[in-house]
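Engineer: One structure, as structure tokens, below. Some questions next.
The values are calculated or read from the model by the stated rules, or taken from the named source; none is laboratory data. This is a predicted model, so every value here is computed, not measured. Note: ideal-geometry Cβ built from the backbone for every residue, glycine included; neighbour counts use all protein chains shown. For accessibility, only protein heavy atoms count, side chains too; no ligands or nucleic acids. Shrake-Rupley method; radii C 1.70, N 1.55, O 1.52, S 1.80 Å.
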Amino acid sequence: MKGMLAIIRKEFARFFLDRRMLLTTVILPGVLIYLVYTLMGTFISGLAAGDESYSAAVRNMPQSVSVYFQGAPIEITAAEGDDEQYKERVREGSLDIYVVFPEDFEEVIQGAGGADYAAPNIEIYYNSAEEGSAAAYSAFAAVLDAYEQAISNVFNVNRGEGYDLGSVQSVTTSILSAVVPMVLLVLLFSGCMAVAPESIAGEKERGTFATMLVTPVKRSHIAVGKIISLSCISLLSGVSSFLGLILSLPNLMNGVFDGMDLSMFGFGHYAALLGVMLTTVLLLVAAISCVSALAKSVKEANSYVGPMNIIVLVVGLLSSFGGGGSPFLYLIPVYNSAMMITDVMSLAVSPLALVFTLLSNIAFACGLVFLLTRMFKSERIMFNK
């Protein structure tokens, strides 16, 4: 036990006394994720808001049509004078659109349906090279389309409000359950990958691992000490990234969805999430450590571990479609963690599935620790013979 604690202290000292490693592994990921997602939300919100007020000069605006433009993002002024001056203003960009209604528009449409009826033509002059002008044209045409449907209305679909039964909570959980599992798994794996290869393959490359193996410390204690210390460090990195993600999601989503609220998650949800994160990190660190033990250098270890990142990414994506299935699916390593994170974000946690997930991750991690111990006892693997 003393040997195991010595290994843990050694790893903690190597990590926490290295300010650059502490900064890049624990602090920067969360800060960068928060800043990037917040800036993305601000940018998206700016695009969504845009310049929603357009200018339009309208000639012969009928009273029956004008009421449909109340509340529309179009500032309408009555056109007077020569047509060409308004067209020139549209060309140069000082006016978004110029609209001309026929003088007898209302009288003509009253005869709609007659044998000799000729539909009146509304002229809308716009400049497709100007973004605002093209948007104003689309907005004006959309209002006219609504007016045309209204005067020939046969039936209504969802007239008024109150038909959308989805709540802010359901929208929030839907967004989080689609985004968080994949992102969180990738962040956890990145934290493990940042520290595990350096601790195993790095020490082999520098020759310090051989010195450690000849000490009276049991190989199993070395393996367990490495796994525990690296898991704690990786979990700090994962928690930092997770906090950056959760704190920035409202800022990001407000660009497209206003009202995201995280108060629906209680202590039990966060405790379940922390348990899943901890056991998942144990599993990932143990797996990466086993792979790193086969490598001769950190570069070689990273090349071995790299493809595992793709697997984690795919598993995170698949979990969005498989949450809430058979409890036995929660025995599959990594996939069970992704599904459980989806369940937590969906507020649909099954106690049995949670127990299966935690026990399965711990069991597979213990198996990998045993495998790592056997690898440490192999002279061919540890000394590359």
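Engineer: Can you name every residue in the stretch 41-86 that is assigned to a helix (DSSP H, G or I), surrounded by 15 or more Cβ atoms within 10 Å (Cβ to Cβ) and modelled with pLDDT of 90 or more?
Structural biologist: Matches in the stretch 41-86: 86 only.
Engineer: Can you name every residue in the stretch 344-385 that is of a type in the set (Val, Ile, Thr) and under 35 Å from the mean Cα position of the chain (by Cα)?
Structural biologist: Across the stretch 344-385, the qualifying residues are 344, 349, 355, 357, 362, 369.
Engineer: Kindly evaluate residue 186 against the criterion of being more than 20 Å from residue 12 (Cα to Cα), surrounded by fewer than 21 Cβ atoms within 10 Å (Cβ to Cβ) and free of Cβ contacts under 8 Å to residues at least 24 places away in the same chain.
Structural biologist: no
Engineer: Also: Yes or no: the stretch 207-218 includes at least one residue that is over 29 Å from residue 340 (Cβ atoms), modelled with pLDDT of 80 or more and surrounded by fewer than 18 Cβ atoms within 10 Å (Cβ to Cβ).
Structural biologist: yes
Engineer: When you scan the stretch 292-326, how many residues do you find that are without any contact (Cβ under 8 Å) to a residue 40 or more places away in the chain, part of a helix (DSSP H, G or I) and of a type outside the set (D, E, K, R)?
Structural biologist: Adding up the residues that qualify gives 10.
Engineer: For the stretch 327-352, name all the residues that are among the small types (Gly, Ala, Ser) and touching a residue at least 60 places away in the same chain (Cβ under 8 Å).
Structural biologist: Once the filter is applied, which keeps residues that are among the small types (Gly, Ala, Ser) and touching a residue at least 60 places away in the same chain (Cβ under 8 Å), the stretch 327-352 yields 337, 338, 346.
Engineer: Next up: Given the condition within 28 Å of residue 226 (Cβ to Cβ), modelled with pLDDT of 85 or more, open to solvent by less than 30 Å² (accessible area, probe 1.4 Å) and not in a helix (DSSP H, G or I), answer yes or no: does some residue in the stretch 268-275 qualify?
Structural biologist: No - not one qualifying residue is present in the stretch 268-275.
Engineer: Do we have residue 242 as of a type in the set (Phe, Trp, Tyr) and either at pLDDT 80 or above or in contact with a strand residue (DSSP E or B) (Cβ under 6 Å, 6 or more places away or on another chain) (or both) here?
Structural biologist: Judged against the criteria, residue 242 is not a match.
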